[in-house]
1. Work out, step by step, the length gained on full extension between His49 and Asn111: first 0.36 nm times the residue separation, then minus their alpha carbon distance; give nm to one decimal.
2. Once amide H atoms are placed 1.01 Å from N in the peptide plane, what residues at a sequence separation of 5 or more from Ile51, or on another chain, have their amide H within under 5 Å of its amide H?
3. In terms of modelled amide H atoms, which long-range or inter-chain residues lie less than 5 Å from the amide H of Leu34?
4. Just the accessible area per residue of region 35-120, please: how many Å² with a 1.4 Å probe?
5. What relative contact order, as a whole-number percentage, does region 33-111 give when Cα pairs under 8 Å and 6 or more residues apart are counted?
6. At 0.36 nm per residue, and after removing the present C-alpha to C-alpha distance, how many nm does the segment from Asn40 to Asp98 gain when stretched out fully?
Amino acid sequence: MRTRVPATTRVRQDDGTYKISRGMVVMPSLDDALSFVCKNDYDVVTMMHGIEYAWPKGRGSILDHEKIIFEGNHVRCEVNKRTLTANGKAFGDFIAGDSVRVSFDGRVFVNDLERLHVEQ
């Protein structure tokens with residue numbers, strides 16, 4: 001059984017202002033495989049290990065409560081436990097309470113600050 005709860009995501013606009021987006025946090029149960037579709041940027045937020053991930057337009061799956069696979073037009077992401085890889089670049093580990101937003105082109109923002117990829 002999955003749980004859906006309302007969530008808000010702050011999205012920085014190109015002009016420096018912020019837009020608040022309401023979406024749903026999707027939290028699967030331990031035995032649930034789940035697919036999700038984002039019809040608009042950041043209208044679905046997934047939660048895993050206490051970390052919220054906001055996704056651009058595209059589709060994804062949550063597997064074994066440990067992994068998220070997401071594909072948009074110009075981005076492919078994989079979250080394995082607390083580690084995110086976007087378009088083949090690793091963005092390090094996150095901690096519980098972090099809010100992570102992936103842009104349509106693979107940029108990653110953690111708590112509203114852009115994070116650069118880390119060398120592997």
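1. Values: separation 62, 0.36 × 62 = 22.32 nm, distance 1.59 nm.
Extending this stretch completely gives an extra 20.7 nm.
2. Distant-sequence amide H within range of Ile51: Gly97.
3. Result for Leu34 returns Ile62.
4. On the way: 4500 Å² over 86 residues.
That works out to 52 Å² for each residue.
5. Numbers: 183 pairs, mean separation 20.7, N = 79.
26 percent.
6. Details: separation 58, 0.36 × 58 = 20.88 nm, distance 2.20 nm.
Going from the current span to full extension adds 18.7 nm.
The values are calculated or read from the model by the stated rules, or taken from the named source; none is laboratory data. Here the structure is a predicted model, which means the values were calculated and not measured. Ligands, DNA and RNA are stripped out before the accessible areas are found, and what is left, the full protein with its side chains, is counted by its heavy atoms. Shrake-Rupley method; radii C 1.70, N 1.55, O 1.52, S 1.80 Å.
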